[in-house]
């Protein structure tokens, strides 16, 4: 389910400010921000999160961006992130689902739809213990949970490691 976040709310302002800080000059306006609520995906994510906390004795959750074309939006909202689609836009750091702390990087994957609108998810992602990724990796090595470029890109290999929290639609 999708719920439009009120532009006057603190929730909207916080998301807008973070997005705008990095994206200045790359977009003209935010059309809407929607909160995504998928009980099944959230439950799977919560179970995975508890497992990570028990294993690592720390919280390794990050809020990261995932840009995508319009045709992927509905599927991600209904079913969550799906590794079966991994590799469609490259596999530089492994064959998984890609996220970035830099909205500007994710922007390049948010291709405009027929109306010129782009779509980017702000997601909760369990990165766990990270390992430097390479293009041939289908999983991180034992003892690791995700791969990374070492700066802002994170690749996860279990669908329940990420939960789409907000959808930002912008032009």
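The values are calculated or read from the model by the stated rules, or taken from the named source; none is laboratory data. This structure is a prediction, so every number in the text was calculated from the model and none was measured. With ideal geometry, Cβ positions are generated from the backbone for all residues, glycine too; neighbour counts draw on all protein chains shown.
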Mind telling me which of the residues 75, 58, 14 ends up being over 30 Å from residue 136 (Cα atoms) and out of contact with any strand residue (DSSP E or B) (no Cβ under 8 Å at 6 or more places or on another chain)? 14
Looking only at residues in region 107-116 that are within 15 Å of the chain's Cα centre (by Cα) and part of a loop (DSSP other than H, G, I, E, B), which one is surrounded by the fewest Cβ atoms within 10 Å (Cβ to Cβ)? 108
Selection status of residue 147, part of a loop (DSSP other than H, G, I, E, B) and either surrounded by 20 or more Cβ atoms within 10 Å (Cβ to Cβ) or free of Cβ contacts under 8 Å to residues at least 60 places away in the same chain (or both): no
Hey, does region 117-131 have a residue that's part of a loop (DSSP other than H, G, I, E, B), modelled with pLDDT of 95 or more, over 25 Å from residue 41 (Cα atoms) and in contact with a strand residue (DSSP E or B) (Cβ under 7 Å, 6 or more places away or on another chain)? yes
Neighbours by Cβ (under 9 Å, 6+ apart or cross-chain): first from region 61-90, on the phi > 0 side of the Ramachandran plot and crowded, with 19+ Cβ neighbours inside 10 Å; second in a loop (DSSP other than H, G, I, E, B) and modelled with pLDDT of 95 or more: 80/38
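Results for (1) within 13 Å of residue 120 (Cα to Cα); (2) modelled with pLDDT under 95, shown as yes or no for each residue.
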position: 2; (1), (2): no, no
position: 12; (1), (2): no, no
position: 25; (1), (2): no, yes
position: 28; (1), (2): no, yes
position: 33; (1), (2): yes, no
position: 37; (1), (2): no, no
position: 47; (1), (2): no, no
position: 53; (1), (2): no, yes
